[in-house]
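The values are calculated or read from the model by the stated rules, or taken from the named source; none is laboratory data. These figures come from a predicted structure and were not determined experimentally. Note that we place each Cβ from the backbone using ideal geometry, even for glycine, and neighbour counts take in every protein chain shown. Accessible surface areas use protein heavy atoms only, side chains included; no ligands, DNA or RNA. Shrake-Rupley method; radii C 1.70, N 1.55, O 1.52, S 1.80 Å.
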Amino acid sequence: GQRSSARAAALATLRAPVVLVDRGLDELGLDAVVLDNRRAALEAVRHILGFGHRRVAMIGGPPSISTGAERLAGYREALLEAGLPVDPACVRDAGFREEPAYDATCELLARPAGVRPTALFAANSLIAIGVMRAVADARLRCPEDVSVVSIDDFAWANAFRPRLTTVAQPVDAMGDAAVRLLMGRLDGSAPPEARTEVMAPFLKVRDSCSAPARDGAAVPAR
């Protein structure tokens, strides 16, 4: 988008060494430390499927950017390896933002039983907040009526009720890797070509996932 292009142009003008963290920009030829986004989504959706869910919706980001495309690829891979179809109607681009995620989740949860997803995959922490707001406003129970899993652990994930199951980024390891790459540029020991370090995610199992209701029908909370 225009915002990403502007940031890329600004980075291109810098003369000091730069290491990108969380998202690489291949066109700039800069070192980067990124999450294995495909694997993060794959592990998140595998976890949900392990409870027996078969209607899993994804609320994600734009497929035009690397993080959005890779997380969508992981979601699709998990469904296909489980022998499930990928339903385009169950994939929503919320721009990695809270309010569009809320709106998309409200629409998904308003569907009739038998069509409504029994589990929701939130592709980042802001989306997860919007998703959990929508579940509460629909007067549904998590995880009894709908299970939720998110990529990105954040301070409030453990404070939600239920506590939110997440696939976390190894933040400390990513910071260490970024410093190592930067020092290599500063002391001249790094090779001339740009390097990208891809870091493995890890699952934090909490309380927001369980087996789906037997008939797939949600029961409004009292």
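If R0 is 25 Å, the Cβ-Cβ spacing of GLU99 and ARG163 corresponds to a FRET efficiency of close to 0.60. Around the amide H of VAL91, modelled in the peptide plane, lie the amide H atoms of MET58, all under 5 Å away and 5 or more residues distant in sequence or on another chain.
Working note: Karplus 6.51/-1.76/1.60 with θ = phi - 60° gives region 142-151 the couplings 10, x, 4, 9, 8, 8, 9, 9, 9, 8 Hz, where Gly and Pro are set to x.
From the square roots a ≥ b ≥ c of the eigenvalues of the alpha-carbon gyration tensor of region 38-95, which class results: rounded (a/c under 1.5), prolate (a/b over b/c), or oblate? Cα axes put region 38-95 in the prolate bin.
The chymotrypsin sites (Phe, Trp or Tyr not before Pro) of region 116-218 meeting both criteria, a DSSP state outside H, G, I, E and B (loop) and at most 15 other C-beta atoms within 10 angstrom of the site's C-beta, are TRP156.
Would you mind working out the accessible area per residue for the chain, using a 1.4 Å probe, and quoting it in Å²?
Details: 11090 Å² over 222 residues.
That works out to 50 Å² per residue.
How would you classify region 120-217 from its alpha-carbon gyration tensor, with a ≥ b ≥ c the square roots of the eigenvalues: rounded for a/c under 1.5, else prolate if a/b is greater than b/c, otherwise oblate? Here region 120-217 falls in the prolate category.
With r as the distance between the Cβ atoms of ARG195 and ASP36 and R0 = 22 Å, compute the FRET efficiency 1/(1 + (r/R0)^6) and round to 0.05. Let's see the in-between values first.
On the way: r = 16 Å, r/R0 = 0.70.
The formula returns an efficiency of 0.90 here.
What angle do you read, to the nearest 10 degrees and between 0 and 90, between the alpha-carbon axis of helix 2-12 and the longest principal axis of the chain? Approximately 30 degrees, to the nearest 10. Remark on region 146-203: Rg and Dmax equal 16.5, 53 Å (Cα only).
By accessible area, using a 1.4 Å probe on protein heavy atoms only, region 92-222 has 55% of its surface on carbon and sulfur. If you run the Gaussian network model on the chain, springs between alpha carbon atoms under 10 Å, then out of MET183, MET132, MET58 the most flexible one is MET183. Each label point was placed 7 Å from the Cα along the Cα-to-Cβ direction; for ASP176 and ARG54 their separation is 4.4 nm. Let me make sure I get this right: for the chain, a, b and c are the square roots of the gyration tensor eigenvalues over alpha carbons, sorted descending. Under 1.5 in a/c it's rounded, otherwise prolate if a/b > b/c, else oblate. Which is it? Because a/c hits 1.5 or more and a/b exceeds b/c, the chain counts as prolate.
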